[in-house]
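Here is the structure we will look at, set down as structure tokens.
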Amino acid sequence: MFGYMRTDMLYPELFKQLESVRWDMDKDIPWDRFDASLLSEEQAQTIKMNAITEWAALPATEMFLRDNRNDSDFSAFMSIWFFEEQKHSLVLMEYLRRFRPDLVPTEEELHQIRFEFDPAPALETLMLHFCGEIRLNHWYRRAAEWHTEPVIRHIYQTLSQDEARHGGAYLRYMKRAIGKFGVEAQAAFAKVGVLMASARRTAQALHPTNLHVNKALFPRDTIQSRLPNPEWLEHWLDQQIRFDAVWENKVVDRILHNLSLLMDRSFKSVQELNRYRKELQASLAPGGAAPSAA
Ligand SMILES: [Fe+2]
Ligand SMILES: [Fe+2]
């Protein structure tokens, strides 16, 4: 189809792939199955917070475009990612508009989370978002189980599949980056991978929306801190969808599995990945030797 293009750009192929599985807001969400008796007040409140969190794709896209000015292929792909993430926010707001109009976020509440992120290394941001998509895929699978109302359950299942596909697209760009930048890319991915797969050992949920991204605005420089209810995410994870150690392990396993494929080397634990990270660091130092593929 795109054979006429003398290019190894990923954007044309990802566009085609993602368009072929894209869902329709009106036709593919079973709005008429709504059952008000199965939606509790606390469940409805979480949908509002989640709608605002998904809106964070706006400042994230601004960051991606700024920090990837030298990469037009990836920047073009951002148009797809941005569209689909904004649609996630929109479908949650549409749900509230239909069934709990009092909870639809205001434009000001949405605008509150649009702030400038500090510049960051593009390869690390890429890996951060890859891990973020994997994590979100699992969070939304749990959210679909926790909710009792059929329409919102369907919406969370739909979103979780989109997040998995986003992870797959970012993985393609990571693979391309290793081809282009070699050890430098591998080191960036291993570094962020160790951080992102260590969530059990940290107090806070490790997701891009929960990280400090603007020193000047600290401590109100995470997306979560700028929500109407900044405590929402931790409460949602711990008390509501109960994202426990079993689920956390699934996230870590997915990250390690994909990094194993990407680096052509098996990582069975975060510790193994951390050892590899140190090897890569050493080889990047002047006079360092390239790490072996075990
Ligand atoms: Fe999303
Ligand atoms: Fe996503």
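Points worth noting:
- Under the criterion of Cα pairs below 8 Å and six or more residues apart, the relative contact order for region 36-284 equals 22 percent.
- Dividing the Cα radius of gyration of region 67-186 by its Kirkwood radius returns 1.03 for Rg/Rh.
- Mean Cα-pair separation over length for region 1-79, i.e. relative contact order, pairs under 8 Å, 6 or more apart, %: 47
- Relative contact order for region 57-155, counting Cα pairs under 8 Å that sit 6 or more residues apart, in percent: 31
- Taking Cα centre as origin and charging only the Cβ of basic (Lys, Arg, +1) and acidic (Asp, Glu, -1) residues, the dipole magnitude of region 42-110 rounds to 200 debye.
- Each principal axis of the Cα cloud of region 55-131 was evaluated for its coordinate range; sorted largest first, these ranges are 44, 22, 21 Å.
- GNM result for the chain, Cα springs below 10 Å: residue of Leu171, Leu217, Leu90 fluctuating most strongly: Leu217
- Within the chain, helix-based [θ] at 222 nm, where runs of 4 or more DSSP H residues each add -39,500 (n - 2.57), nearest 500: -20000 deg cm²/dmol
- Given charges at Cβ of Lys, Arg, Asp, Glu: the chain dipole, positive-most of Gly193, Met127, Val183: Val183
- Helices meeting the span-like rule in the chain (full DSSP H runs, Cα extent of at least 30 Å along the helix axis, mean Kyte-Doolittle score of -0.5 or higher): 72-99, 122-146.
- When the chain is treated as a Gaussian network with alpha carbon springs shorter than 10 Å, the biggest mean-square fluctuation among Phe267, Phe189, Phe83 belongs to Phe83.
- Diffusion coefficient, µm² s⁻¹, Stokes-Einstein with Kirkwood Rh over alpha-carbon pairs of the chain at 25 °C and 0.890 mPa s: 122
- Fluctuation leader among Glu248, Glu272, Glu107 - the chain, Gaussian network, Cα springs under 10 angstrom: Glu107
- Charge dipole (Cα centre; +1 on Lys/Arg Cβ, -1 on Asp/Glu Cβ; no other charges) of region 36-284 amounts to roughly 800 debye.
- In the chain, a dipole from Cβ-located charges (positive for Lys and Arg, negative for Asp and Glu) runs towards its positive end, and of Leu273, Ile113, Trp55 it is Leu273 whose Cα lies farthest in that direction.
- Cα centre as origin, Lys/Arg/Asp/Glu Cβ charges: region 26-161 dipole, Debye: 320
Read-outs throughout are calculated quantities, based only on the coordinates presented, and are distinct from any laboratory measurement. On a predicted model such as this, the values are computed, not experimentally measured, just so you know. Cβ atoms come from the backbone with ideal geometry, glycine included; neighbour counts cover every protein chain shown.
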